[in-house]
Amino acid sequence: MMRVVLGGPELAGLTIGEPAASVRLLVAWPGELFEMPTWNGNEFLLADGRRPALRTFTPAVLADDELTLDIVRHRGGAVSDWVETAVPGEPCAVSGPGRGEVLDPEADRYVLLGDETAIPAIEQLLGVIADDTEVEVHVEIVDTHAHLDLPTHPSATVTWHVAAAGNPPGSTLRRAVEEIVIDEVTRVWAAGEAAAVQSIRKHLFDERGTPRSHTTIRGYWKVAR
């Protein structure tokens, strides 16, 4: 994972009010100069009608006109390539914030599920869930080098699952959720690869009868993207 710090007076006025919120990072396409896109009410567009290179991330820290993002490193993709090669002063743009998680005061227990892309959001949730609320965390990583120290929570248990080579992303999380006790005071938050969290959603709603209002399920990325 790479930590990227964006800064400048243009960030004045940006506020992040909820944990596990999102911002969009917009950068130049490879080989091109950065162009500030325009918003047409539905999407960002460049002057020639193309969409800009952008991806959505969890804001890690926002303070003193600096926005910190923790980004999973991977090969391919205009934004991931930009992250690897950007130098101080490189221009970019930020849009947001998107909605975050509103904690349910009636919840006595939280289950947090995610892959590497969800680690920044899980860190934030562990930092705001009450100390006396039980938390069960399951994180899938591609190898042991992705095992990071999460914030200490007195009522949390954390299980790291190393993905088996050749298995679809999120397979270990799908198996884990089948064994988790989920009752009326449990709230489930899950984020990661889109097909994986869709499978978790179907399991919770169709097989377990979990109320939709007791869950937050977010697809953060897709295979091949």
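The values are calculated or read from the model by the stated rules, or taken from the named source; none is laboratory data. Keep in mind it's a predicted model, so treat the numbers as computed, not measured. Here the Cβ is made from the backbone with ideal geometry for all residues, glycine too, and neighbour counts use every protein chain on show. Note: accessible area is taken over every heavy atom of the protein model, side chains too, but ligands, DNA and RNA are not part of it. Shrake-Rupley method; radii C 1.70, N 1.55, O 1.52, S 1.80 Å.
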Residue of Gly49, Gly96, Gly170 that the Gaussian network model of the chain assigns the largest fluctuation, springs spanning Cα pairs under 10 Å: Gly49
Approximate spin-label separation Ser213-Gln198, in nm, with each point projected 7 Å along Cα-to-Cβ: 2.7 nm
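Expressed as a rounded percentage, what relative contact order does segment 77-173 have, with Cα pairs under 8 Å and six or more residues apart? It would help to have the intermediate numbers written out before the result.
Numbers: 101 pairs, mean separation 23.5, N = 97.
Worked out over segment 77-173, it gives 24 percent.
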Highest-fluctuation residue, Pro168, Pro211, Pro88 considered, GNM on the chain with Cα pairs under 10 Å: Pro88
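At a Förster radius of 35 Å, what calculated FRET efficiency corresponds to the Cβ-Cβ distance of Thr38 and Asp132, to the nearest 0.05? Please list the in-between numbers first.
On the way: r = 48 Å, r/R0 = 1.37.
Efficiency, rounded to the nearest 0.05: 0.15.
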Where His153, His74, His145, His161 fall by accessible area, highest first, once all protein chains stay in place (1.4 Å): His145, His74, His161, His153
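Taking loop as defined by DSSP and a crowding limit of 15 other beta carbons within 10 Å, which GluC sites (Glu not before Pro) in segment 1-94 fit?
Numbers: sites: Glu10, Glu32, Glu35, Glu43, Glu66, Glu84; in loops: Glu32, Glu35, Glu43.
Taking segment 1-94 and a limit of 15 other Cβ atoms within 10 Å, the loop GluC sites (Glu not before Pro) found are Glu32, Glu43.
What shape does segment 1-86 have by the C-alpha gyration tensor, where a ≥ b ≥ c are the square roots of the eigenvalues, rounded means a/c under 1.5, and otherwise prolate means a/b greater than b/c and oblate the rest? Mind dumping the intermediate values first?
On the way: a/c = 1.73, a/b = 1.21, b/c = 1.43.
Cα axes put segment 1-86 in the oblate bin.
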Built amide H within the under 5 Å cut-off of Leu150, gap 5+: none
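For the chain, what is the calculated [θ] at 222 nm in deg cm²/dmol (nearest 500), taking -39500 (n - 2.57) for each run of four or more DSSP H residues and dividing by its residue count?
Working: 4 runs with 35 residues, N = 225.
Per the formula, -4500 deg cm²/dmol.
With a 1.4 Å probe and all protein chains in place, put Glu18, Glu136 in order of accessible area, largest first.
On the way: Glu18 70, Glu136 40 Å².
So, going from the largest accessible area down, we get Glu18, Glu136.
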Alpha-carbon centroid distance for the pair segment 194-224 / segment 138-170, whole angstrom: 18 Å
Sites Arg175 and Asp108, calculated FRET efficiency, Cβ-Cβ separation with R0 35 Å, nearest 0.05: 0.90
Mean Kyte hydropathy of -0.5 or more with a Cα span along the axis of at least 24 Å, helices from DSSP in the chain: none
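So between Ala78 and Asp48, what do we pick up on full extension, going 0.36 nm a residue minus the alpha carbon distance?
Details: separation 30, 0.36 × 30 = 10.80 nm, distance 1.80 nm.
Gain on stretching Ala78 to Asp48: 9.0 nm.
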Linear extension gain, Thr68 paired with Asp143, 0.36 nm per residue minus alpha-carbon span: 24.6 nm
Per-residue SASA entry for Arg208, accessible area with 1.4 Å probe, Å² rounded to 10: 80 Å²
Scaled radius of gyration (Cα, divided by 2.2 N^0.38 Å) that segment 56-197 gives: 1.14
HN-Hα J in Hz across segment 64-72 - Karplus 6.51, -1.76, 1.60, θ = phi - 60°, x for Gly and Pro: 6, 6, 10, 10, 9, 10, 9, 10, 5
Whole-Hz ³J(HN,Hα) from phi, Karplus 6.51 cos²θ - 1.76 cosθ + 1.60, for segment 214-221, glycine and proline x: 9, 9, 10, 10, 10, x, 9, 7
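List the trypsin sites (Lys or Arg not before Pro) within segment 1-66 that DSSP assigns to loop and that have no more than 14 neighbouring Cβ atoms inside 10 Å.
On the way: sites: Arg3, Arg24, Arg50, Arg55; in loops: Arg50.
Answer by residue number: Arg50.
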Nearest-10 value in Å² for the accessible area of Trp39, using the 1.4 Å probe: 120 Å²
Relative contact order for segment 16-127, counting Cα pairs under 8 Å that sit 6 or more residues apart, in percent: 40 percent
DSSP beta bridges in the chain [antiparallel fraction, %, rounded to 5]: 45 percent
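If you rank Tyr110, Tyr220 by how much accessible surface each has, with a 1.4 Å probe, what is the order from largest down? Intermediate results must be reported in sequence, preceding the final value.
Details: Tyr110 15, Tyr220 70 Å².
Descending accessible area places them as Tyr220, Tyr110.
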In Hz, Karplus ³J(HN,Hα) per residue of segment 146-151 (6.51, -1.76, 1.60; θ = phi - 60°; x = Gly, Pro): 8, 7, 10, 7, 8, x
Most mobile listed residue (Gly100, Gly166, Gly192) in the chain, GNM with C-alpha springs under 10 Å: Gly166
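Please state the relative contact order of the chain as a whole percent: Cα pairs under 8 Å, 6+ residues apart? Walk me through the intermediate numbers first.
Numbers: 393 pairs, mean separation 42.6, N = 225.
Rounded, it is 19 percent for the chain.
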